[in-house]
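Step one of this worksheet: look at the structure below.
The values are calculated or read from the model by the stated rules, or taken from the named source; none is laboratory data. Keep in mind that what you see is a predicted model, and the values were worked out from it rather than measured. Quick reminder, even Gly has a Cβ in these numbers, built from the backbone with ideal geometry, and neighbours come from all protein chains shown. Side chains are part of the model used for accessible areas, which takes the heavy atoms of the whole protein and leaves out ligands, DNA and RNA. Shrake-Rupley method; radii C 1.70, N 1.55, O 1.52, S 1.80 Å.
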Amino acid sequence: MTAAMLNDRERQIRSQLKSDFNHYAGKCLKIRQKNGSIAPLNLNDAQRRVHTLIEEQRKRDGRVRMLILKARQWGCSTYVGARFYWRATHKRGMKAYVLTHRQEATDNLYRMIERFHANCPDLVKPSTGAANARSLTFGMLDSGYLMATAGGKATGRSDTVQLFHGSEVAFWPNAATHMAGVLQAVPDEDDTEIILESTANGVGGFFHDACMAALDGDSAFRLIFMPWFAHAAYTAKAGQDVVPMAAWAEYGAMHRLSPGQLAWAIAKNRDLARACLADPAEPCWMFRQEYPATVEEAFQGGGVDSLIRRELVLTARKATVGDQSHQPLVFGVDLARGGPDKTRIVDRQGRCAGHRVNVTMDTGDEMEIAGRLGRLIDLHNPAVVFVDATAGAGCVDRLEELGHRNIRKVNFGSKAGLAESYANKRAEMWGKMADWFADEGGADIPDSEEWQKHLCAPGFSYDSLSRLQLEKKEAIKDRLGFSPDLGDALALTFAETVHRPDATRMPVVEHAYDSLRYL
């Protein structure tokens, strides 16, 4: 219908539908519901939240460059498809390109666009040009849709498009190559949009790296993270007489879940825990990955439960435990073993860690490491410095040559003090650190996704003697793509119990392995 054929009332209606997507979606777009019925697209809470954030970016920057990290099945792909149909049918020359991870998803999204078009009211429905299994054009507008599936080689390089929707990007083969083509196809101009959405697929790869760059502010893209509880439909009837287990009660309190949301999570986790042979008494790795509450959970890599529970680390990131000056200050130093590993130096004083010293050194030069560490020791005067002795003997020797008498070598693979409980020294130190986080006194660490990632990286198991054994660093690297050097550095501060020295004696390291509480 052309503008010349409209009366004043119709022009007013059409103007509102063009400018107000929330209104347009409910009035003009139809979707197939889970029960098979066709119904108006009334945006849910999560969809409205995403729309608000995208519109804010469009108004601020003139264009949209957005990453959406999502939990499953709240309608993200539906929202982006509906948004682009709205935009492509209201302006000349708006060509939308959709790239998905597999053919079935491509077919489903194309059928959704066809349904939008077939049920669109005549008042705002554009004339149809060419239509086939992978494209739909709106003839008079010179706009339309092109659909494709990510494969072994780049797509889209020869096209010029204004709207790009990447669906389940974390599962694309050769994602970086595809994105290089996309960034050539979409002009870096106002009124263009690139929206990349996906559930997570472990650490590493284009989507993970893009999300981390956006978090660090080192990208033109903005990250929207949608935890599972942002979707109002994820709730269930909570029994009045059911008291959640301790881990679930803590999880619910951490994320401020309603009783209905907590009941839904426990039920969903029960099914997923059965699939991955986990204990349903607490959130299993599969639940956390499929229905993440935090960015770190989404990218945990899957397959194992963490020794240190994520809720405890989240709590410590937000905590302030107060003055700890009466406690001894200690350093943990995890020395690089070559390759991508880095030397990490962190402090701990009582219930606080990482607020004074939180150093990363990307060098294998032991003398350089010794010089910098020596300056930190001189500046902060720690009672004891625990250094990983598995690597870097030259660094330790140099520090001792410089007169530092508070250096203690620790071998991760040596026998644990509590040998009946821990398979080796590394397992013991991480076990003590886990107790420190769980202690009712609380812990206080930097509010950092990097700290969350490193501290929650290692999985655990028990050997034939029922001793705790920590996942090996090599296995963590293979699974997650990084080594938890920061976590090992903090764990080193639990190598021995340290007492605060007085003015008349040297620091004392007590080999008291029967202590159940740690400074």
Item to check | Span per principal axis, largest first, for the Cα atoms of the chain (Å) | outcome: 96, 57, 42
Checklist outcome for this item: From the cross-link list K70/K268; K59/K318; K34/K59; K268/K473; K34/K91; K318/K477, the entries with a Cα-Cα span beyond 25 Å are K59/K318; K34/K59; K268/K473; K34/K91; K318/K477
Checklist entry - Which aspartates and glutamates, on any chain, are close to K409 with Cα under 13 Å apart, when same-chain ones fewer than 8 places away are left out? => result D334, D388, D397, E400, E496
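So, for region 382-469, what is the accessible surface per residue at a probe of 1.4 Å, expressed in square angstrom?
Value returned for region 382-469: 40 Å² of accessible area per residue.
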Next on the checklist: So, taking all protein chains as they sit and a 1.4 Å probe, how much accessible area belongs to R375, in Å² rounded to tens?
Outcome noted: 150 Å²
Checklist outcome for this item: One quarter of the C-alpha convex hull surface, i.e. the mean projected area of region 132-225 in nm², amounts to 7.0 nm²
Next on the checklist: With every atom except the alpha carbons ignored, what do you get for Rg and Dmax of region 1-70, in angstroms?
Outcome noted: 15.4, 44
Checklist entry - How many nm is it between the label spots at D478 and N35, if each spot is 7 Å from the Cα in line with the beta carbon? => result 4.9 nm
Checklist entry - Which sequence of H380, H51 reflects their accessible areas, 1.4 Å probe, from the largest down? => result H380, H51
Checklist entry - Rounded to two decimals, what is Rg over Rh for region 286-432 when you use alpha-carbon atoms and the Kirkwood radius? => result 1.00
Checklist entry - Taking the C-alpha atoms of region 52-172, how large are the radius of gyration and the largest Cα-Cα span, Dmax, in Å? => result 14.2, 42
Checklist entry - In the full protein assembly as shown, how much of E368 is accessible to a 1.4 Å probe, in Å² to the nearest 10? => result 100 Å²
Item to check | region 388-439: Cα Rg divided by the 2.2 N^0.38 Å rule of thumb | outcome: 1.39
Next on the checklist: Suppose the chain between D20 and V321 were pulled fully straight at 0.36 nm per residue; how much longer would it get relative to their current alpha carbon spacing?
Outcome noted: 103.6 nm
Next on the checklist: Just to be sure I understand: of the beta bridges DSSP finds with both ends in region 311-404, what percent are antiparallel, rounded to 5?
Outcome noted: 75 percent
Next on the checklist: What distance in nm lies between label points placed 7 Å from Cα along the C-beta direction at A281 and D463?
Outcome noted: 2.4 nm
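With each run of n ≥ 4 DSSP H residues scored as -39500 (n - 2.57), what mean residue ellipticity at 222 nm is computed for the chain after dividing by its residue count and rounding to the nearest 500 deg cm²/dmol? Kindly include the intermediate steps, with their values, before the conclusion.
Values: 18 runs with 194 residues, N = 519.
Taking each H run of at least 4 residues, the total per residue is -11000 deg cm²/dmol.
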Checklist entry - When the Cα centres of region 1-67 and region 72-113 are compared, how far apart do they sit, in Å? => result 13 Å
